[in-house]
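**Student:** Here it is: the structure, laid out below.
The values are calculated or read from the model by the stated rules, or taken from the named source; none is laboratory data. The structure presented is a predicted model; accordingly, all values stated were derived computationally and were not measured. Virtual Cβ from ideal backbone geometry, glycine too; neighbours counted across all protein chains shown.
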Amino acid sequence: MLKYCVGIDVSKNDLHCCIAIIDQLQKVTIKASKHFINSKTGFTGLSDWINKQHKDRSVPLVMAMEATGVYYEQLALYLFKHQYAISVVLPNKAKRYLQSTGLKSKNDKIDAQGLARMGSEQSLSLWHPLDTFFYELRELTRQQQSLQELKTSVGNQLHASELGMYQIKLVIKQQKNLIASIEKQITVLEDAIEQHLQRDSTVKEKVAGICKIKGLGLMTVAVILAETNGFALFENSRQLVSYAGYDVEENESGTHKGRTRITKKGNSRIRRILHMPAFNMIRYEQTPFLNLFNRTFQKHGQKMKSYVAIQKKLLTIIFALWKNNSVYQPNYGVEFTGEMELVPSSLHTLKESSAYQKAALPQGRPTVENSQFASSLQE
């Protein structure tokens with residue numbers, strides 16, 4: 001035998017588990033299946049069952065499960081703390097694997113068997129839990145995004161109510177009150193995000209160095225850090241670009257040459273939060289980004305495609321600044337050699353840098369992205 005693999009199909013209330021074995025001839029054999037409750041009692045029962053089935057301790061054991069919303073998180077954390085090797089795969093990847101095996105039926109038991117086979121045959125990446133600091137930051141930033149989207153939705157309803165054939169005063173009043181209430185909650189969340197980032201002195205210094213990019217706000221950096229776990233699992237910029245969905249896919253075969261575009265198969269929240277900062281880079285004429293925009297626009301003549309290139313560059317620069325514990329120098333820009341190594345002459349370390357200076361941002365109501373955070377960092 002080469003490896004044991006436990007496939008776990010996770011739902012809100014149930015855990016359907018299957019253990020498979022792969023031998024030297026690459027033959028996968030289903031050894032046993034069992035059902036548990038998705039609770040701490042069920043986790044204990046699952047651990048005991050695995051220990052009984054995993055008799056040959058010289059053979060490695062791995063666990064494979066889908067990222068089903070938040071339902072898998074408590075089980076994954078429990079298994080991680082008990083020193084199991086865990087892989088969490090995307091649902092579409094598991095679905096396509098099952099389709100490739102020729103199975104036409106689908107139920108929880110079959111899904112568990114598919115995960116067990118997949119984990120046996122492939123060398124899947126191991127899962128690690130989010131750092132508590134960045135997990136809390138992610139909850140705050142995602143709630144802020146949800147409220148922003150809700151405010152936009154209610155604002156559209158208000159616009160329709162005010163311009164409709166008949167205006168119902170009660171409806172319009174309630175919509176305005178709702179928008180005001182949402183705005184208050186957004187302000188509270190932004191203050192909470194600011195305070196959270198200042199809790200850790202290292203994070204606070206690094207964020208200050210990154211925010212020296214003119215036109216880049218605190219909220220943008222907060223979302224990127226929250227969605228990437230502080231870049232903990234990325235060894236190079238290519239991995240990060242792929243994770244955010246900025247990697248390029250080609251469509252060519254023989255004489256056919258289709259359009260080349262980004263895959264968008266990644267974290268959409270990162271792409272969303274970088275949309276406006278990309279415009280700011282051109283608005284404030286930031287040299288490295290403006291040069292990239294002009295060069296790519298001359299090549300294909302599509303402005304939005306050039307703005308996407310700026311988003312990608314901005315993300316990789318933020319990654320480089322964070323990893324190298326460096327401050328962005330607008331007068332020199334950022335240069336790269338190899339795998340995101342920064343040229344020392346273009347940057348100063350945080351210890352050598354002067355006090356944080358607030359980046360110029362669009363005029364409007366003061367937010368968490370400007371004066372309060374800048375003044376706190378100068379103290």
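**Student:** Mind counting the residues in segment 314-325 that are under 13 Å from C211 (Cβ atoms) and surrounded by 22 or more Cβ atoms within 10 Å (Cβ to Cβ)?
**Tutor:** Counting residues in segment 314-325 that are under 13 Å from C211 (Cβ atoms) and surrounded by 22 or more Cβ atoms within 10 Å (Cβ to Cβ) gives 4.
**Student:** Output yes when any residue across segment 28-38 is among the aliphatic types (A, V, I, L, M) and touching a Lys or Arg at 6+ places or on another chain (Cβ under 7 Å), and no when none is.
**Tutor:** yes
**Student:** If you check D108, D56, which single one turns out to be in contact (Cβ under 8 Å) with a residue 24 or more places away in the chain and exposed (fewer than 11 other Cβ atoms within 10 Å of the Cβ)?
**Tutor:** That would be D56, the only listed residue that is in contact (Cβ under 8 Å) with a residue 24 or more places away in the chain and exposed (fewer than 11 other Cβ atoms within 10 Å of the Cβ).
**Student:** Is segment 87-96 home to any residue that is in contact (Cβ under 8 Å) with a residue 12 or more places away in the chain, in a loop (DSSP other than H, G, I, E, B), of a type outside the set (S, T, N, Q) and not assigned by TED's automatic domain parsing to the domain that holds I273?
**Tutor:** yes
Residues are listed down the side, and each one gets a yes or a no for (1) over 22 Å from A94 (Cα atoms); (2) out of contact with any Pro (no Cβ under 8 Å at 6 or more places or on another chain); (3) of a type in the set (K, R):
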{"residue": "Y4", "(1), (2), (3)": "no, no, no"}
{"residue": "S11", "(1), (2), (3)": "no, yes, no"}
{"residue": "C17", "(1), (2), (3)": "no, yes, no"}
{"residue": "I22", "(1), (2), (3)": "no, yes, no"}
{"residue": "V28", "(1), (2), (3)": "no, yes, no"}
{"residue": "K52", "(1), (2), (3)": "yes, yes, yes"}
{"residue": "A64", "(1), (2), (3)": "no, yes, no"}
{"residue": "A67", "(1), (2), (3)": "no, no, no"}
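**Student:** Same structure, new question: For segment 225-240, name all the residues that are in a helix (DSSP H, G or I) and in contact with a helix residue (DSSP H, G or I) (Cβ under 6 Å, 6 or more places away or on another chain).
**Tutor:** Within segment 225-240, A226, E227, S237, L240 meet the criteria.
**Student:** What residue, of I262, I270, is under 28 Å from N92 (Cβ atoms) and either among the polar types (S, T, N, Q) or at pLDDT 95 or above (or both)?
**Tutor:** Residue meeting the stated conditions: I270.
**Student:** Considering each of L46, L75, L15, L25 in turn, give the residue that is free of Cβ contacts under 8 Å to residues at least 40 places away in the same chain and crowded, with 19+ Cβ neighbours inside 10 Å.
**Tutor:** L46
**Student:** A further question on this structure: Report whether or not R269 is in a helix (DSSP H, G or I) and under 15 Å from the mean Cα position of the chain (by Cα).
**Tutor:** Against the criterion (in a helix (DSSP H, G or I) and under 15 Å from the mean Cα position of the chain (by Cα)), R269 qualifies.
**Student:** Please list, ordered by first then second residue, the pairs with beta carbon atoms under 7 Å, 6 or more apart or interchain, first in segment 197-213 and without any contact (Cβ under 8 Å) to a residue 60 or more places away in the chain and in the same structural domain as A226 (by TED's automatic domain parsing), second outside any helix (DSSP H, G or I) and crowded, with 17+ Cβ neighbours inside 10 Å.
**Tutor:** Matching pairs, first to second residue: none at all.
**Student:** Would segment 243-251 turn up any residue that is out of contact with any strand residue (DSSP E or B) (no Cβ under 8 Å at 6 or more places or on another chain), more than 30 Å from Y135 (Cβ to Cβ) and either basic (K, R) or part of a loop (DSSP other than H, G, I, E, B) (or both)?
**Tutor:** Yes, the conditions are met somewhere in segment 243-251.
**Student:** Okay, next question. Of the residues that sit in segment 199-255 and are under 30 Å from E285 (Cβ atoms) and among the acidic types (D, E), which one is farthest from the chain's Cα centre (by Cα)?
**Tutor:** The extreme case among them is E205.
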